[in-house]
Every structure is written in structure tokens, then in C-alpha cells.
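*Asks:* Dumping the structure here so I can ask a few things about it.
The values are calculated or read from the model by the stated rules, or taken from the named source; none is laboratory data. A quick note: this is a predicted structure, and the numbers were derived from the prediction, not measured. We place every Cβ from the backbone using ideal geometry, glycine too, and count neighbours over all the protein chains shown.
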Number of protein chains: 2
Amino acid sequence: MIQKRVLLFTGDGKGKSTASFGMLARALGHGMKVRVIQFVKAQDGVGEMLFFSRFENVTWDHYGKGFLPADPTSPMMESHRQAARAGFEEALEALGSEGYDFVLLDEVCFALSKDLIPLEPLVEAIRNAPSKIIVLTGRNAPQGLIDVADTVTEMRMVKHGYEQGLLSQAGVEE
Amino acid sequence: MIQKRVLLFTGDGKGKSTASFGMLARALGHGMKVRVIQFVKAQDGVGEMLFFSRFENVTWDHYGKGFLPADPTSPMMESHRQAARAGFEEALEALGSEGYDFVLLDEVCFALSKDLIPLEPLVEAIRNAPSKIIVLTGRNAPQGLIDVADTVTEMRMVKHGYEQGLLSQAGVEE
């Protein structure tokens, strides 16, 4: 019997999505059924997806188009919004479903902070979800998500390899 | 070709070990050979070990005896120290080896902060290690490890389910 839990990983440091993938491994170790919905991210060949999507208990989709245009009025914004809305509909369904023990909404805070998806229906869906583990990630978490979560960690960047000119490395950033 | 990287996850919040397990999944997604050495932790049945230790590319050991006695002069301290020293020897060997692409020293900061193992030889071994991804976790990271790491995240606890009376949950804490 799973106790309902809502965990939120936010902040500007490395480790938000990676922490959620570690929890996912734990959940699979206990035989749980897992649903992953990634916002914003567009890549297919990243290590976590290569690794986890081969397991029968994992359903993994991403609904991102990559980096957002700096100008929120850019016409390109509409395709990002459409992708995020499709992920949002999937998220509401997964949260309400008895078919999953663990639902990860990766980068959902980022999608919320850019107004790609609305906050209130998501908070409601989390509040009304049957018992499962819900994990939310992304920088700039809105207060509504902080309030609905039982466990919130802020990943604070102390230093990052980027600053020292290090490149993105498979197994670390991807 | 792997770029040498040293990542450190510290702080009092949830997500340090879990972030390292997420990176481990990424590394396995890229076919890397992984060595995990856990300090302090004693449990066998936890989700991450159940899950990851079944993969051929993973060598996983823990050298812990669980919670430390509050009194550092307790005679029980000696068995903790011996276990940590055994893990420390393994860690030095793994860091120096060409046989691993990814070395995770889980809770090594905690073992250092309790003086179970010495800092200087570890910093030297990290500095001299051939190209690989090195991941260090645990609260109270000593300055020597912060200095030798290229990427440091402090996981700051904003709130935790414990405070609200929630119990440890498989897939979340274990």
C-alpha cells in the first residue's frame, strides 16, 4: 500500500531531474508502475530515456520543443505552448489514474513559470489524486506547488562545471 | 572519450543520493561501467540497490553499519570506523582504476565529517584519477571536497514529509 507523497525539486542547481530519476530507479526496484512526462525537453538520445524507457513498468514521453525563445511574444511560442498543453492533458490523466504508482512531471515548474500551462487545475489534480508518489521538478516552482508538496528541496548551485569551461558530458548532463 | 568530472551533492535536503542514482542511470544509458561504494548505509533491501545491482555494468557495495552512536567515544564507533576504512580502500582503488567510467561515493561526506576516514588521501586520489565521472554525496561536505569538485549543489530542505508525520515510503526514501 503506497502512502501518498508529493515531492518537489526546485532551485538553480544541478540535481533536480537527476534526483527524480534516482527516485524512479528506487520505485522500479520495488516493482512500481511508473509514468514519466517531461515538459520543455526535446531530446531523445539522453541517457535517462535510453536507460529507463526499456523497462516494461515505465511509460515515458516528452512534450517539449527544447529551449524557449527569449521573447515571449515570438510566434514560435505557440508550438511550445501546444506541446506543453498536450503534456499537461497527459499529466492530469496520469495523476487521476489508478494504473500508476509513481508519476514524474519533469520540468513542470519551468513550464508553469513560462505560462505554458495553468497552475490551478494541476494543483487540483495533485490534491485529488489517488495514493501514489508524485514528483515535480524544475526551477522557479510556484507557491501553489510548494504548498501542495509534502517534501520540497531547493537545489542551490554552489558552483557548476560550465563556469570553468567544462562541456556537457554524457552521464552527467545528458 | 569521457571528460573528467567531479560532482558533489551536499546539504540537509532530500535529493543528494537520489541525484547520484539518477546520474548513474544516465551513465548506464550510455553504456558506462559503474562502481558504487556506499558509506554509513547498512541496508540491503533498498530500492536503488535492488534495482541497479542487477546490471552487469554495475559493481555495488556498501560499507556501512547504519546510524552512528551519538557519543563519538562509544566503543561501537570502532566497528563503524572499520567498515568505513574498508570502503575507503575500495574507493581509492576504484578512483585510480581505468576499469570504471563512473565512481559514486555515496555518503562519503558524512563519513568524512564523522572522522571515520581521512580527507587528504581522498582529495589526492580524486585529483590524480584518470578521466572518469566522480560523484560524491553527503551532508557537511568538507571544504577540500568542495574545492576539488567542478560542480557542487547544496540541497536545501524547504520542507520534508517527516515534519508532517509522514512515514518513510518505498520508492521515496528507500
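*Asks:* All but one of (1) at pLDDT 95 or above; (2) assigned to a loop (DSSP other than H, G, I, E, B); (3) over 25 Å from B:Asp147 (Cβ atoms); (4) under 16 Å from the mean Cα position of the chain (by Cα) hold for B:Tyr100; which doesn't?
*Replies:* The single condition B:Tyr100 does not satisfy is (3).
*Asks:* Then there's this: Suppose we filter region B:135-156 for residues that are more than 16 Å from the chain's Cα centre (by Cα), part of a loop (DSSP other than H, G, I, E, B) and either at pLDDT below 90 or more than 7 Å from chain A (Cβ to nearest Cβ) (or both); how many remain?
*Replies:* Qualifying residue count, region B:135-156: 0.
*Asks:* Okay, next question. Which pairs have Cβ atoms under 7 Å, sit 6 or more apart or on different chains, and link a residue in region A:19-32 that is at the interface with another protein chain (Cβ under 7 Å from one of its Cβ atoms) and without any contact (Cβ under 8 Å) to a residue 24 or more places away in the chain to one that is outside any helix (DSSP H, G or I) and surrounded by 24 or more Cβ atoms within 10 Å (Cβ to Cβ)?
*Replies:* A:Arg26/B:Gly171; A:His30/B:Gly171
*Asks:* Take B:Leu112 and tell me if it is outside any strand (DSSP E or B), crowded, with 16+ Cβ neighbours inside 10 Å and more than 13 Å from the chain's Cα centre (by Cα).
*Replies:* no
*Asks:* Taking A:Leu122, is it in contact with a helix residue (DSSP H, G or I) (Cβ under 9 Å, 6 or more places away or on another chain) and either within 14 Å of B:Lys159 (Cα to Cα) or free of Cβ contacts under 8 Å to residues at least 40 places away in the same chain (or both)?
*Replies:* So A:Leu122 passes the test.
*Asks:* Please go through region B:15-39 and pick out each residue that is surrounded by 24 or more Cβ atoms within 10 Å (Cβ to Cβ) and assigned to a loop (DSSP other than H, G, I, E, B).
*Replies:* The one that is surrounded by 24 or more Cβ atoms within 10 Å (Cβ to Cβ) and assigned to a loop (DSSP other than H, G, I, E, B): B:Gly15.
A quick yes/no check of all residues on (1) modelled with pLDDT of 95 or more; (2) within 14 Å of another protein chain (Cβ to nearest Cβ); (3) in contact with a Ser or Thr (Cβ under 9 Å, 6 or more places away or on another chain):
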| residue | (1), (2), (3) |
| --- | --- |
| A:Lys65 | no, no, yes |
| A:Leu68 | no, no, yes |
| A:Asp71 | no, no, no |
| A:Glu78 | no, no, no |
| A:Val108 | yes, no, yes |
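*Asks:* For region A:41-51, state whether one or more residues are touching a helix residue (DSSP H, G or I) at 6+ places or on another chain (Cβ under 9 Å) and at pLDDT 95 or above.
*Replies:* no
*Asks:* Return the total of residues in region B:1-48 being small (Gly, Ala, Ser) and touching a Phe, Trp or Tyr at 6+ places or on another chain (Cβ under 7 Å).
*Replies:* 7
*Asks:* Here's another thing I want to ask about it. Which numbered condition trips up A:Ala125, out of (1) more than 8 Å from chain B (Cβ to nearest Cβ); (2) under 16 Å from A:Asp12 (Cα atoms)?
*Replies:* (2)
*Asks:* Considering only residues of region B:157-174 that are more than 7 Å from chain A (Cβ to nearest Cβ) and more than 17 Å from B:Lys16 (Cβ to Cβ), which is surrounded by the fewest Cβ atoms within 10 Å (Cβ to Cβ)?
*Replies:* Residue satisfying both the conditions and the ranking: B:Gly165.
*Asks:* Out of region A:3-22, which residues are closer than 20 Å to B:Met49 by Cα and either charged (D, E, K, R) or in contact with a Lys or Arg (Cβ under 9 Å, 6 or more places away or on another chain) (or both)?
*Replies:* The answer is A:Gly15, A:Ser17, A:Thr18, A:Ala19, A:Phe21.
*Asks:* Output yes when any residue across region B:131-138 is farther than 20 Å from B:Phe21 by Cα, touching a helix residue (DSSP H, G or I) at 6+ places or on another chain (Cβ under 9 Å) and in contact (Cβ under 8 Å) with a residue 12 or more places away in the chain, and no when none is.
*Replies:* The answer is no, given that none of the residues of region B:131-138 is farther than 20 Å from B:Phe21 by Cα, touching a helix residue (DSSP H, G or I) at 6+ places or on another chain (Cβ under 9 Å) and in contact (Cβ under 8 Å) with a residue 12 or more places away in the chain.
*Asks:* Sort out which residues of region A:47-86 are assigned to a helix (DSSP H, G or I) and farther than 26 Å from A:Ala27 by Cα, and write them in order of number.
*Replies:* Scanning region A:47-86 gives A:Met77, A:Glu78, A:Ser79, A:His80, A:Arg81, A:Gln82, A:Ala83, A:Arg85.
*Asks:* Then there's this: Might you let me know whether region B:90-100 holds any residue that is within 12 Å of chain A (Cβ to nearest Cβ) and touching a residue at least 12 places away in the same chain (Cβ under 8 Å)?
*Replies:* There is at least one residue in region B:90-100 that is within 12 Å of chain A (Cβ to nearest Cβ) and touching a residue at least 12 places away in the same chain (Cβ under 8 Å).
*Asks:* Can you pull out every residue in region A:115-125 that is within 26 Å of B:Glu173 (Cβ to Cβ) and under 14 Å from the mean Cα position of the chain (by Cα)?
*Replies:* A:Leu122
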